[in-house]
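A quick write-up on the structure given underneath.
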């Protein structure tokens with residue numbers, strides 16, 4: 001073998017005086033090859049520092065053994081938990097994960113999608129940016145043979161594959177908990193109105209009040225664009241009401257953090273003058289002196305694991321040419337129930 005030249009299967013076959021197909025099967029632990037031959041092949045391959053020709057493998061198997069994952073922000077504990085489970089699942093399949101952060105910017109999100117498409121990832125797991133309103137890329141990826149699975153922030157569209165949390169169950173439990181503690185003036189800081197998750201939360205909030213014979217006060221439902229200033233304005237709008245609420249449910253934990261800070265700046269005391277419950281069980285709450293009285297868990301790790309399982313099922317069917325017409329027409333949808341946890345009453 002020439003110095004500096006990468007060893008090949010042919011080189012191993014020539015030295016061991018066996019066929020290249022036998023070498024290939026031995027390197028892949030094919031049951032048709034005896035143990036002794038397999039050990040001889042692997043030993044020589046190690047001595048020669050043989051590395052498989054990944055391009056040839058990709059071409060033969062019609063896979064790149066990579067998946068793309070696009071999240072709004074890894075700085076959020078929710079998405080950190082999700083990506084950990086996705087990477088664990090992918091690693092078990094001998095896949096590499098290419099990660100992109102949209103930072104809730106639709107243009108950035110689309111650019112990442114196009115980059116992943118050009119690199120021929122085998123599939124994409126995506127939590128959509130909160131400001132994304134156009135989803136034409138779904139059809140583009142479908143035509144390119146790249147399956148997509150959405151989780152958490154999912155577009156309100158038919159024919160998609162998705163893992164979502166049923167946000168209503170947690171909301172109902174939160175309202176019941178506040179009422180059991182004697183609260184009757186309960187407010188809700190919701191997210192952007194165009195988000196399906198915002199609509200689902202609001203519907204559940206109103207229904208829970210009705211179920212508990214509490215009249216709806218529209219002034220107690222406010223909205224935020226999820227920015228720090230937007231979060232602060234939302235809570236101040238509530239605090240400045242002639243009859244301010246005694247309890248608040250927040251769109252997410254970051255909204256709650258900003259809201260609690262604004263409450264303190266007004267000279268009020270959290271868990272005395274006003275109480276909070278929020279989505280989605282921020283891990284740092286347990287280290288705080290006055291955390292929300294409870295959290296609504298959305299199980300991000302489980303969402304990530306289920307999204308991975310769904311995606312790899314689609315990838316395998318794609319490669320094997322197995323087409324489920326019903327699946328293509330309707331997509332696959334898995335719903336997890338949200339749950340009230342970590343109650344500090």
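The values are calculated or read from the model by the stated rules, or taken from the named source; none is laboratory data. What you see is a predicted model, and the numbers here were worked out from it, not measured in a lab. FYI the Cβ positions are ideal-geometry reconstructions off the backbone, even for glycines, and counts take in every protein chain you see.
Structure data summary
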item	result
Residue among 125, 113, 146 that is under 23 Å from residue 89 (Cβ atoms) and assigned to a loop (DSSP other than H, G, I, E, B)	146
Selection within the stretch 14-32 - in contact with a helix residue (DSSP H, G or I) (Cβ under 7 Å, 6 or more places away or on another chain), surrounded by 12 or more Cβ atoms within 10 Å (Cβ to Cβ) and modelled with pLDDT under 90	20, 23, 24, 26, 27
Any hit, the stretch 333-343, residues being touching a helix residue (DSSP H, G or I) at 6+ places or on another chain (Cβ under 9 Å), modelled with pLDDT under 90 and either surrounded by fewer than 18 Cβ atoms within 10 Å (Cβ to Cβ) or more than 18 Å from residue 138 (Cα to Cα) (or both)	yes
Criterion (in contact with a strand residue (DSSP E or B) (Cβ under 7 Å, 6 or more places away or on another chain), buried (at least 18 other Cβ atoms within 10 Å of the Cβ) and modelled with pLDDT of 90 or more) met by exactly one of 65, 79, 89	79
Residues that are out of contact with any helix residue (DSSP H, G or I) (no Cβ under 8 Å at 6 or more places or on another chain) and either within 19 Å of residue 168 (Cα to Cα) or surrounded by 18 or more Cβ atoms within 10 Å (Cβ to Cβ) (or both), drawn from the stretch 258-307	260, 299, 306
